[in-house]
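Asker: Before anything else, here's the structure in question.
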Amino acid sequence: MRAGDAHARGRASAVRVQGPVHRHRPPGLPARRPRLRAAHARHLPVRVRPRRHPRRVLPPARDADERVHRRPGTGGAAGDGAPHESPAGRRPQGPDGGGGLIGRFRLAPVSVGNGVRKPRTVLLTLVVGVGLLTAACAQHAPQTTLKPEGPVGRKIDSLFTLTFWIAAGVFVLVEFGVVYLIWRYRHRDDRPEPVQVHGNTRLEITWAVLPALLLLVVAVPTFRTIFQLAREPKDPIRVTVTGHQFWWQYDYTDLGVTAANEVHLPTGREVEFTLKSDDVIHSFWIPRLSGKHDVEPGRVSRISMKADKPGVFLGQCAEFCGLSHANMRLRAFAESPADFDKWVAAQKAAPPTPATGTPAGNGFALFSIKGCSGCHTVEGVSTGKVGPNLSHVYSRSAFAGDTFDMTPENLRMWLHDPPKVKPGSKMPNLGLSSAEITNLVAYVQTLK
């Protein structure tokens with residue numbers, strides 16, 4: 001038991017304090033570890049060595065190595081010569097020959113922290129750390145913001161780079177200072193308690209002014225970039241983007257074209273997107289072309305972007321919007337102006353009507369019988385507004401929120417049970433037979 005525990009339990013403590021007691025030591029504890037002189041050590045019985053306490057372990061503390069514990073069964077005051085019987089029935093002799101302080105107290109072994117780490121633990125930590133670092137490296141990262149392909153993306157990337165290096169410099173300086181101070185002013189036995197001071201005007205002014213200057217360095221380019229991105233583009237292609245659960249609809253208001261999930265952009269020309277939602281909050285994001293922007297019901301917002309060169313850029317909804325939020329993806333096709341004009345002309349053309357008696361003709365009939373025409377639009381056939389426009393659906397590279405590649409096998413899987421392959425889908429399971437699915441797939445393949 002610790003010196004002073006008896007007083008806490010309502011009994012007077014009989015422990016005498018020897019030597020000076022510093023301010024950071026609890027009352028009732030000796031200032032130094034008692035030591036045996038060589039003349040007294042030879043009188044101690046070899047077989048009656050003090051044993052470690054089986055239950056109590058001192059917590060790590062500044063003076064933990066100087067605390068002493070009373071041995072179990074101790075009676076009387078420290079140093080009063082009262083008899084004490086050891087568990088083995090023998091009486092250990094102290095340097096005073098009467099079972100004094102050394103006979104009645106023993107030094108508790110203290111383990112500060114977890115001790116030295118095993119080499120295997122250190123190796124495992126290094127392996128895990130290196131694995132996490134390498135996991136962030138990828139040669140093929142289609143949705144990275146660190147490789148912008150347009151002026152808007154480059155402006156955002158420049159601001160990010162500036163902020164990152166300022167934050168990295170502050171982090172390195174602070175961590176280096178912490179480690180250096182911990183090592184330089186670590187506790188030593190021969191070092192006195194440091195002088196306690198209150199306040200330092202120069203330091204307080206320094207660490208108030210420097211962060212303010214750093215924030216000013218970041219704030220100026222930040223405001224400049226915000227106003228640059230908010231300006232209205234000149235002679236853009238206007239596209240209205242509507243977020244649905246869980247797909248995107250694109251209406252080219254000036255061109256009279258409607259598409260789903262895949263947006264086409266001419267290179268070298270700005271495109272202005274008007275964003276709105278039909279149900280819940282979404283977030284429109286094409287990382288390599290522009291930043292993310294929330295799409296909220298009842299609110300209309302606008303962003304613009306421009307692609308430098310032809311390519312395919314992946315994007316997705318960046319705001320949780322339901323069960324298939326992860327399946328609400330999109331693709332942006334940046335094309336040369338000539339290829340973009342060809343795509344617009346193909347989208348304006350009416351889809352062909354399949355011949356009667358063919359699998360595609362039977363699928364065309366099923367399109368109306370099974371209720372597909374009530375939800376989907378096919379130019380010249382139906383005007384449904386619930387689902388995506390299917391006038392030229394087979395000209396797209398993917399479907400169902402850009403989740404599945406456009407192949408006959410994936411179309412069969414989708415028509416068999418849409419909610420199963422895409423949870424939360426509003427398209428119900430129509431209970432189609434295998435023959436009906438075959439005919440509908442044949443009809444969809446004509447919608448190019």
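No value in this document is a laboratory result; all are computed from the given coordinates. Keep in mind that what you see is a predicted model, and the values were worked out from it rather than measured. Neighbour counts run over all protein chains shown; Cβ positions are idealised from the backbone, glycine included.
Asker: Hey, can you rank 289-300, 385-396 by average C-beta count inside 10 Å, highest first?
Answerer: 385-396, 289-300
Asker: Shifting gears a bit: Over the range 378-448, what relative contact order in percent results from Cα pairs under 8 Å that are six or more residues apart?
Answerer: Over the range 378-448, the number comes to 33 percent.
Asker: I need the peptides 191-198, 149-156 ranked by packing, meaning the mean over residues of other C-beta atoms within 10 angstrom, with the highest value on top. The partial results should precede the final answer.
Answerer: Working: 191-198: 6.8, 149-156: 19.6.
Packing order, densest peptide first, comes out as 149-156, 191-198.
Asker: For the range 266-278, in order, what is each residue's ³J(HN,Hα) by Karplus, 6.51 cos²θ - 1.76 cosθ + 1.60 with θ = phi - 60°, in whole Hz (x at glycine and Pro)?
Answerer: Computed from phi, the couplings for the range 266-278 are x, 5, x, 9, 6, 10, 9, 9, 9, 9, 8, 10, 9 Hz.
Asker: Read phi for every residue in the range 224-231 and hand back ³J(HN,Hα) as whole Hz from Karplus 6.51 cos²θ - 1.76 cosθ + 1.60, θ = phi - 60°, with x for Gly and Pro.
Answerer: The phi angles translate into 4, 5, 4, 6, 5, 6, 8, 5 Hz.
Asker: Something else about it: Compare the peptides 255-267, 366-378 by average per-residue count of other Cβ atoms within 10 angstrom and give them in order, highest first.
Answerer: Order by mean packing, descending: 255-267, 366-378.
Asker: With charges only on Cβ, +1 for K and R and -1 for D and E, what is the dipole size of the range 252-371 about its Cα centre, in debye, rounded to 20?
Answerer: It comes to approximately 160 debye.
Asker: Where a ≥ b ≥ c are the square roots of the eigenvalues of the C-alpha gyration tensor, would you call the range 218-293 rounded, which needs a/c under 1.5, or, failing that, prolate if a/b is larger than b/c, or oblate? Walk me through the numbers before you get to the answer.
Answerer: Numbers: a/c = 2.28, a/b = 1.40, b/c = 1.63.
Verdict is oblate for the range 218-293.
Asker: Whose amide H sits under 5 Å from the amide H of S391, counting only residues 5 or more places off or on another chain, with H placed in the peptide plane?
Answerer: E379
Asker: Can you give the Rg to Rh ratio for the range 237-348, taking only C-alpha atoms and Rh from Kirkwood?
Answerer: Answer for the range 237-348: 0.95.
Asker: Provide, for q = 0.16, 0.20, 0.23 Å⁻¹, the log10 of I(q)/I(0) from a solvent-free Debye sum over equal Cα point scatterers in the range 359-444.
Answerer: For the range 359-444 at q = 0.16, 0.20, 0.23 Å⁻¹, log10 I(q)/I(0) is -0.58, -0.97, -1.37.
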